[in-house]
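Remarks on the structure that follows.
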Amino acid sequence: AETEQVSATKEEAFSLPTLTQEQQDAADALNVAVRLSSFQPFLLQGVTGSGKTEVYKKAIHEAHFNRKSTLFLIPEVSLAVQFAAIFKQSLPHVPCFGFHSAT
């Protein structure tokens, strides 16, 4: 039953928006590494509001679909609760646990 649920989630968009071509290229590169279980460093560069989080969400979705775990580190404690809410809303099928120094 769990396999069927995972298969269904691959086809559903949830609330992940359509990416720009540049974002999609970055997501595609990340997803290849996820599927191949290949460790590769990636650097997403962009100003605030440029859509880096959307690329991360696509990669996290892909990792979950491939039965992999992810660790999303946020450098700002004040953003931790906000990001947890964003991920829980956008990726309801992916368990999300938050831990920060303000708890």
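The values are calculated or read from the model by the stated rules, or taken from the named source; none is laboratory data. As the structure is a computational prediction, the values presented were derived from the model and not from experiment. For neighbour counting, all protein chains shown are included, and Cβ atoms are generated from backbone atoms with ideal geometry for every residue, glycine included. SASA here: full protein model, heavy atoms, side chains in, ligands and nucleic acids out. Shrake-Rupley method; radii C 1.70, N 1.55, O 1.52, S 1.80 Å.
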Item to check | Difference of contour (0.36 nm per residue) and Cα-Cα distance, D28 to L44 | outcome: 4.5 nm
Checklist entry - What does the accessible area of H93 come to, in Å² to the nearest 10, when a probe of 1.4 Å is used? => result 30
Checklist entry - What distance in nm separates the simple spin-label points at L36 and F97, each placed 7 Å from Cα in the Cβ direction? => result 3.0
Item to check | Nearest-10 value in Å² for the accessible area of K68, using the 1.4 Å probe | outcome: 80
